[in-house]
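Enquirer: Handing you a structure now.
The values are calculated or read from the model by the stated rules, or taken from the named source; none is laboratory data. As the structure is a computational prediction, the values presented were derived from the model and not from experiment. Heads up, the Cβs are rebuilt from the backbone with ideal geometry, glycines too, and the neighbour counts pull from every protein chain shown. Areas reflect the complete protein model, heavy atoms only, side chains present, ligands, DNA and RNA absent. Shrake-Rupley method; radii C 1.70, N 1.55, O 1.52, S 1.80 Å.
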Amino acid sequence: MRRPAWSWALYDVGNSAFTTTVMAGFFPLFFKQYWSADVIVTESTFRLSVANSLGSLVIMLLAPVLGAIADRCGARKRFLVGFAFLGVLSTLSLALVAQGQWQLALLGYFLASVGYAGSVTFYDSLLLFVAPRQKLDNISALGYALGYLGGGLLFAINVWMTLKPASFGLADAAEAVKLSFLMVAVWWALFTVPLLLWVKEPESHGVGLITAVRGGLRQLQGTFHEIRREKAVFLFLLAYWCYIDGVDTIVRMAVDYGLSIGFDSGDLIAALLITQFVGFPAAIVFGRIGERHGAKRGIYIAIGVYCLVTLGASMMNSVQQFYILATVIGLVQGGIQSLSRSYYAILIPPDKSGEFFGFYNMWGKFAAVLGPVMVGYTARVTGSPGLSLLTLLLLFVAGGYILSRVDGNREAAGNI
């Protein structure tokens with residue numbers, strides 16, 4: 001495998017530290033028990049869901065426009081670095097927020113989420129320049145697999161720090177969590193370097209920024225109409241919009257949900273570690289499934305498993321069940337993400353990858369605007385965390401059905 005492919009995949013090691021340690025792990029836990037300790041659990045859930053949704057909304061609006069501009073002036077890497085820099089600095093700022101200052105905590109988290117999601121938009125668009133089309137499933141899966149492994153290793157160290165703070169010269173678990181935010185920021189920055197050095201993108205032919213902006217905006221309108229005409233692309237985006245909403249909401253709200261139904265924070269963190277290390281080999285396996293049997297079939301498998309997980313989670317009443325569900329999620333989470341990315345890459349023109357992946361992430365983030373709010377609002381109104389989780393089942397079923405309407409011949413053509 002070529003150096004650019006490995007360098008591209010290593011960026012997933014960096015940004016996965018944010019999704020694991022911050023987004024899925026310590027932030028919801030710390031937000032509920034440290035920054036919002038004086039409110040009821042359903043209210044803190046609502047606050048967190050709003051911050052998640054606002055971050056997704058910003059990227060939903062910006063991604064297609066910036067993607068079109070990046071295509072015109074060859075600035076995919078520059079936009080990636082800019083958003084990554086925002087994410088790194090904002091993650092670092094979380095270490096400075098004092099107890100009870102939930103507004104500042106949410107602001108830092110919101111900006112970090114925007115930085116993360118924005119960088120991933122341009123990271124995804126670079127996939128077509130590091131892998132031949134017949135290897136897209138495997139290279140995409142490699143990124144997620146390395147992300148699970150690298151993010152999981154740092155998370156394991158961070159968990160050890162919170163359990164044994166004195167061993168690291170720290171006063172208590174709260175200080176360990178804040179140091180963890182600092183470590184994530186440094187980790188993220190370091191694993192951005194290989195991509196900067198060895199991943200190349202097509203030359204921009206000297207297009208200036210103003211020209212690129214004007215041309216990009218014109219191109220954006222044309223691409224929007226092109227997506228509407230391309231039935232396979234449009235239907236896939238609609239399907240992805242539905243099912244990835246459920247996936248992202250589970251990632252963002254799992255720890256908050258476990259706390260709401262009375263589970264111990266240590267058990268929840270252990271379950272997240274299980275998901276990470278199961279996800280490493282599972283993502284590689286899904287890459288092979290995509291290469292041999294088609295990405296679409298692999299996505300179907302993952303959607304079916306998520307439906308079962310959602311049903312099981314709504315009736316969950318023991319930590320052992322949480323461990324089982326975490327293991328099952330680890331088997332499919334990286335698979336559904338990596339195969340969705342590579343399947344979409346097959347359907348789109350390479351010279352417009354930034355813009356088309358801008359639309360891809362726009363649809364995904366628009367779904368993420370709705371999902372956390374659905375769960376948070378239902379929990380707030382009904383007082384039942386289990387009932388609120390069942391709203392996700394509709395999204396998985398709808399996504400699977402719409403995916404069945406996507407022309408499978410397009411995938412076959414892309415793999416020739």
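Enquirer: For K178, go through the lysines and keep the ones whose alpha-carbon is under 22 Å away, minus same-chain ones fewer than eight residues off.
Expert: K32, K164
Enquirer: Could you calculate the FRET efficiency of L311 with A37 from 1/(1 + (r/R0)^6), where r is the beta carbon distance between them and R0 is 41 Å, rounded to 0.05?
Expert: 0.80
Enquirer: Near K200, which lysines are there with a Cα under 26 Å away, not counting those fewer than 8 places off in the same chain?
Expert: Answer for K200, where 26 Å is the Cα cut-off: K77, K135, K352, listed by chain and number.
Enquirer: Tell me, in nm to one decimal, what length is gained between L107 and L89 on full extension, where the rule is 0.36 nm per residue of separation less the Cα-Cα distance? Kindly include the intermediate steps, with their values, before the conclusion.
Expert: Details: separation 18, 0.36 × 18 = 6.48 nm, distance 1.23 nm.
Net length gain for the segment: 5.3 nm.
Enquirer: Just want to confirm a number: the relative contact order over the chain, from Cα pairs under 8 angstrom separated by 6+ residues, in percent.
Expert: It rounds to 30 percent for the chain.
Enquirer: Might you tell me the accessible area per residue for the chain, computed with a 1.4 Å probe and given in Å²?
Expert: 39 Å²
Enquirer: Highest mean first, how do 285-296, 311-322, 80-91 rank when packing is the count of other Cβ atoms within 10 Å averaged over residues?
Expert: 80-91, 285-296, 311-322
Enquirer: Stokes-Einstein at 20 °C, 1.002 mPa s, Kirkwood radius from Cα pairs: D for the stretch 11-69 in µm² s⁻¹?
Expert: The diffusion coefficient I find is 162 µm²/s.
Enquirer: With just the Cα atoms defining each centre, how far is the stretch 1-35 from the stretch 170-204? Give it in Å.
Expert: Centre-to-centre (Cα) distance: 9 Å.
Enquirer: Quick one: Debye curve from the alpha-carbon atoms of the stretch 1-132 only, equal weights, vacuum; give me log10 I(q)/I(0) at q = 0.15 Å⁻¹ to two decimals.
Expert: -0.74
Enquirer: Just to confirm the number: angle between the C-alpha axis of helix 265-293 and the first principal axis of the chain, 0 to 90 degrees, nearest 10?
Expert: The angle comes out at about 20 degrees.
Enquirer: Continuing with the same structure: Could you work out what % of the accessible surface of the chain is carbon and sulfur, using a 1.4 angstrom probe and leaving DNA, RNA and ligands out of the count?
Expert: Working: 10770 of 16110 Å².
Reported share for carbon and sulfur atoms: 67 percent.
Enquirer: Convert 37 °C to kelvin, take the viscosity as 0.692 mPa s, use the Kirkwood radius over C-alpha pairs of the stretch 289-331 as Rh, and evaluate the Stokes-Einstein diffusion coefficient in µm²/s, rounded to a whole number.
Expert: 290 µm²/s
Enquirer: To continue, here is another question. Quick check: residue separation of L57 and K231 times 0.36 nm, minus the Cα distance between them. What number comes out in nm? Intermediate results must be reported in sequence, preceding the final value.
Expert: Details: separation 174, 0.36 × 174 = 62.64 nm, distance 2.52 nm.
Extra length from L57 to K231 when fully extended: 60.1 nm.
Enquirer: Could you tell me the relative contact order of the stretch 59-154? Use alpha-carbon pairs under 8 Å, at least six residues apart, and round to a whole percent. Don't jump to the answer; show the numbers that get you there.
Expert: Values: 68 pairs, mean separation 30.2, N = 96.
It rounds to 31 percent for the stretch 59-154.
Enquirer: Please compute the modelled spin-label separation between R2 and R405, points set 7 Å along Cα→Cβ, answer in nm with one decimal.
Expert: 3.8 nm
Enquirer: Mean separation of Cα pairs under 8 Å and 6+ residues apart, divided by the residue count of the stretch 3-119: what relative contact order is that in percent?
Expert: The normalised contact order for the stretch 3-119 reaches 33 percent.
Enquirer: Here's a follow-up. If I fit a long axis through the Cα atoms of helix 3-17 and take the longest principal axis of the Cα atoms of the chain, what angle between them do I get, 0 to 90°, rounded to 10?
Expert: On a 0 to 90 degree scale, this one is about 30.
Enquirer: What angle, in degrees between 0 and 90 and rounded to the nearest 10, separates the Cα long axis of helix 209-229 from the longest principal axis of the Cα atoms of the chain?
Expert: Once rounded, the angle reads 90 degrees.
Enquirer: Follow-up. To the nearest 20 debye, what is the magnitude of the charge dipole of the stretch 68-181 about its Cα centre, counting +1 on the Cβ of each Lys and Arg and -1 on the Cβ of each Asp and Glu?
Expert: Value, rounded to 20: 360 debye.
Enquirer: Sort Y343, Y240 from largest to smallest accessible area, using a 1.4 Å probe on the heavy atoms of the protein chains.
Expert: Y240, Y343
Enquirer: What fraction of the Cα pairs in the stretch 263-315, stated in percent, has a spacing above 19 angstrom? Working shown, then result.
Expert: Working: 618 of 1378 pairs.
The proportion of pairs with Cα distances above 19 Å equals 45 percent.
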